[in-house]
Number of protein chains: 2
Amino acid sequence: MTAKSMTRAAFLVLTALADQPRHGYGILREVEELSDGEVQLRVGTLYGVLDRLTADGLIVLDREEVQQGRLRRYYRLTDEGVAALDAEAERMAAGAGAAKRRIAEGRRAGTPARPAADGPAGLELPTPPGLAGGYA
Amino acid sequence: MTAKSMTRAAFLVLTALADQPRHGYGILREVEELSDGEVQLRVGTLYGVLDRLTADGLIVLDREEVQQGRLRRYYRLTDEGVAALDAEAERMAAGAGAAKRRIAEGRRAGTPARPAADGPAGLELPTPPGLAGGYA
DNA sequence: CCATAATATATCGGCTGCCGATATATATCG
DNA sequence: CGATATATATCGGCAGCCGATATATTATGG
C-alpha cells in the first residue's frame, strides 16, 4: 500500500494546491513565492504534471473562470491527493532527519572526512554493525 | 551559489556514505536497511550515480580491498559532498514543513475541499458535482 | 501608438536519469 | 549441483524535466 514516491515537480504542485485551489499560472507563482524564489517550477513541466496528477486522481479540475478575457483553470486536491502529499512530506522529513543524523555520526568518527589511515593497508576487518539510525 | 537540487538516488547514496565509507553493494544494503525496507536503490541506478557524484566531486574513491576473492571499491564523501548533503537535507525538511503547514491551512478553510461558487467576479463554465462546502 | 512585460494557456523535442535485464565471477549453504 | 548471496558493471527503454516556441489579452512605459 505504500505508494511509491512522487516526483519533485508533482510534490511542488500538490504543495501549492494544499491550502486552496489555484490555476496553472498561479501554481507557478506560488511555488516560487513559497520557496522565496529558490525553487521554481517551469512552465514546460507544469502541464504534464497536472495531467499526470489528474490521471492519478490526486487532483481534479475544480472550476474554470474567465477573468478579464483570460481563461483560468482551477485545480484542487482530492482526499487522495492530500493523503499522498502528507505521506510524501513524512518521507522527506524522515529522509532529511536521517541524513542530518548520519552527517553528525560521520563527524564524530573522524572529522577530516579521512577515516584515519591507521593499520596496515590491505585487508581490513569487516565493518561493525552500525546502530540503527532509522529513516522513520 | 544555490546549488540545484540533486536527484533522489544521489541523495540516498550520499546519506548511506555520510557516516562511513562503503562499497557499492554495501550502499545498496544500507539504503534499504536505513529506510526499513521501504526505500530501495536499484543496482542499475547505483553505478551511474556513483560516476556522476565522483565527477561532481561530492564523493571520491577511498580505497579498494579484496575480501574473500571479491573486489570491494569503497567510496567516501568529500567535504563538498557533506555540504551538499546537508544543504539538500535542509531543503527537504523545509519542503516537508511547508507542505504540512499548508495541508493544515487547507483543512482549516473548509474540510471538504470544496470552495463556494461566487457570483459576479467571473463567468463560470462547468461546475462538477460535489458536496457543498463553506469557503470564502 | 507601439513595444514590452505580465498573465495564461499549451505543445514538442532533446537530454538526463531511473530501472529491469543481463553478464561475469566467487563463496557458501543445503 | 543448483540456488543464494556477494560484488562488480553495462545497456536499452521509458518517464519526466526543461528550454523553446506558439497564441491571446491586458497593462505599462517611453
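The values are calculated or read from the model by the stated rules, or taken from the named source; none is laboratory data. Just so you know, these numbers come straight off a predicted model, no measurement behind them. Glycine also receives a Cβ, built like all others from the backbone with ideal geometry; neighbour counts cover every protein chain displayed. SASA here: full protein model, heavy atoms, side chains in, ligands and nucleic acids out. Shrake-Rupley method; radii C 1.70, N 1.55, O 1.52, S 1.80 Å.
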Test set (1) more than 15 Å from DNA strand D (Cβ to nearest atom); (2) surrounded by 20 or more Cβ atoms within 10 Å (Cβ to Cβ); (3) in a helix (DSSP H, G or I) - residue A:75 fails condition number = (3)
Filter region A:60-84 down to residues that are more than 10 Å from DNA strand C (Cβ to nearest atom) and of a type in the set (A, V, I, L, M), then give me how many there are.
-> 5
Within region A:71-88, restricting to residues that are free of Cβ contacts under 8 Å to residues at least 40 places away in the same chain and of a type outside the set (S, T, N, Q), the one that is nearest to residue A:53 (Cα to Cα) is A:80
Region B:17-71, residues that are open to solvent by less than 50 Å² (accessible area, probe 1.4 Å) and basic (Lys, Arg) = B:22
Selected residue (only one of A:46, A:53, A:41 is in contact (Cβ under 8 Å) with a residue 24 or more places away in the chain, in a loop (DSSP other than H, G, I, E, B) and under 13 Å from residue A:12 (Cβ atoms)) | A:41
When region A:29-38 is checked residue by residue, the ones that are in a helix (DSSP H, G or I) and under 16 Å from the mean Cα position of the chain (by Cα) are A:30, A:31, A:32, A:34
Out of region B:56-70, which residues are touching a residue at least 24 places away in the same chain (Cβ under 8 Å) and small (Gly, Ala, Ser)?
-> B:57
Only one residue in B:28, B:61, B:53 is more than 23 Å from residue A:7 (Cα to Cα), within 13 Å of DNA strand D (Cβ to nearest atom) and away from chain A (no Cβ under 11 Å), so which one is that?
-> B:61
For region A:95-126, the count of residues that are modelled with pLDDT of 85 or more and at the interface with another protein chain (Cβ under 8 Å from one of its Cβ atoms) equals 9
Output for region B:1-16, where each listed residue is open to solvent by less than 80 Å² (accessible area, probe 1.4 Å), closer than 15 Å to residue B:80 by Cα and facing chain A (nearest Cβ under 9 Å) | B:5, B:11, B:14, B:15
